[in-house]
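The values are calculated or read from the model by the stated rules, or taken from the named source; none is laboratory data. Just so you know, these numbers come straight off a predicted model, no measurement behind them. All Cβ positions, even for glycine, are placed from backbone atoms using ideal geometry, and neighbour counts span all protein chains on display. Areas reflect the complete protein model, heavy atoms only, side chains present, ligands, DNA and RNA absent. Shrake-Rupley method; radii C 1.70, N 1.55, O 1.52, S 1.80 Å.
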Amino acid sequence: MSNLYELVNVSKVYKNEGKEFEALKNINLSIKEGEIFGIIGMSGAGKSTLVRTLNRLEEVSEGRVEFEGRNLKDLSRKDLRKLRQKISMIFQGFNLLNQRTVIKNVEQPLRIAGINKSERRQIARNMLKVVELSDKEKAFPQRLSGGQKQRVAIARALASDPKVLLCDEATSALDPKITNEILDLLKKINDERKLTIVIITHEMSVIEKICDRVAIIDEGRLAEIGDVKEVFRNPKSAAAKKLVFPANPFSPSDSKGRLARIVFDGTKASVPFIADLVEKTGQKVNILSANTKSVGGIGYGQMVIELPAEEENQRIIKEFFTKGGLTITEVN
């Protein structure tokens with residue numbers, strides 16, 4: 001799988017009234033063709049600035065952003081306009097034209113590109129079929145739900161047959177059920193069209209659901225990058241741990257007690273690990289917090305437990321979960 005994007009020593013400095021703010025600090029990463037790549041960070045981390053450098057909506061202060069081997073900074077305005085036809089973007093706010101029907105919204109990039117009316121109408125109808133909104137082509141955006149508006153925005157983004165789709169907090173305004181539907185749609189589009197998708201979000205659940213790899217941005221720096229499963233299973237940076245691990249308000253009930261986190265990452269949801277622990281080892285643990293879920297019969301999530309005070313019992317419990325294919329680490 002070849003690299004579609006290559007970012008080398010990318011920095012971005014904003015200047016305002018004689019003051020400087022460094023939004024991005026020496027970012028180095030690559031995005032592979034055909035993958036779903038997530039960029040996550042807390043509010044103000046710099047992730048939206050980063051994604052806007054990918055289509056040169058933001059000029060980098062230092063370093064270079066290469067797309068298909070070409071440095072975006074070297075492109076003329078004409079070449080940049082042509083290249084942007086390969087890079088579509090969807091936003092949290094949908095950005096639809098309220099005075100135009102759904103199908104005319106989808107036709108908009110084709111109209112700008114000079115495609116004739118009959119051809120752009122056919123393309124727009126095909127894109128509405130992809131997002132399952134063929135029956136809404138004559139409707140106006142104000143008559144649509146939030147999820148339907150985002151589907152129209154996706155159809156519009158696909159109309160120019162791009163190589164990459166940039167999604168800037170595209171599900172943040174949607175409820176969890178609709179968010180899952182939009183993410184399922186994006187995954188389907190990625191599978192069927194081999195479209196590279198870059199997702200900007202502050203929600204780890206979005207990353208877990210559909211991304212192949214993830215970059216974690218913290219105060220403008222790249223804190224960590226890797227396969228989603230590995231980052232979820234064993235986050236190394238403080239920023240990653242803060243995003244991956246939910247806050248645990250509890251302390252051990254015994255001064256010698258220890259807290260441990262069990263990560264469920266692709267295990268069978270039907271396996272009763274805690275019950276098996278008691279039955280097979282005689283050991284008991286106190287469950288302090290958990291956010292596990294079943295996706296298609298597969299268990300994902302994590303659980304914080306209190307281990308007993310005796311070191312030998314702690315060893316037995318850790319060994320039991322490790323042999324069961326779970327990741328268990330102590331929590332400070």
statement: Output ordering of 279-287, 65-73, 38-46 (per-residue mean of other Cβ within 10 Å, highest first) is 38-46, 65-73, 279-287
message: Within 10 Å of each candidate Cβ there may be at most 16 other Cβ atoms; applying that plus a DSSP loop requirement, which trypsin sites (Lys or Arg not before Pro) in the range 188-231 survive?
response: Lys194
- prompt: When the chain is treated as a GNM, springs tying every alpha-carbon pair under 10 Å, which of Val130, Val60, Val228 comes out with the largest mean-square fluctuation?
  reply: Val130
message: At 7 Å along Cα-to-Cβ for each site, give me the label-to-label distance between Glu219 and Lys129 in nm.
response: 5.3
statement: Checked against a 18 Å limit on the C-alpha separation, the offending pairs among Lys25/Lys241; Lys187/Lys209; Lys25/Lys229; Lys236/Lys318 are Lys25/Lys241; Lys25/Lys229; Lys236/Lys318
task: Order the peptides 13-19, 320-326 from the highest to the lowest mean number of other Cβ atoms within 10 Å of their residues.
output: 320-326, 13-19
- prompt: What label, among [x] 33, 22, 19; [y] 35, 22, 19; [z] 43, 25, 16, belongs to semi-axes √(5λ) of the Cα gyration tensor in Å computed from the structure on display?
  reply: [z]
query: If ligands, DNA and RNA are left out, what is the accessible area of Glu33 with a 1.4 Å probe, given in Å² to the nearest 10?
result: 70
- prompt: Based on the Cβ-Cβ distance from Glu119 to Asn286, what FRET efficiency comes out when R0 is 45 Å, to the nearest 0.05?
  reply: 0.10
- prompt: For the range 110-266, which whole-number percentage of the solvent-accessible area (1.4 Å probe, protein heavy atoms only) is attributable to carbon and sulfur atoms?
  reply: 47
query: Where nothing but the Cβ of Lys and Arg (+1) and of Asp and Glu (-1) is charged, how large is the charge dipole of the range 1-135 around its Cα centre, in debye to the nearest 20?
result: 660
task: Find the relative contact order for the chain and round it to a whole percent, using C-alpha pairs within less than 8 Å whose residues are 6+ positions apart.
output: 17
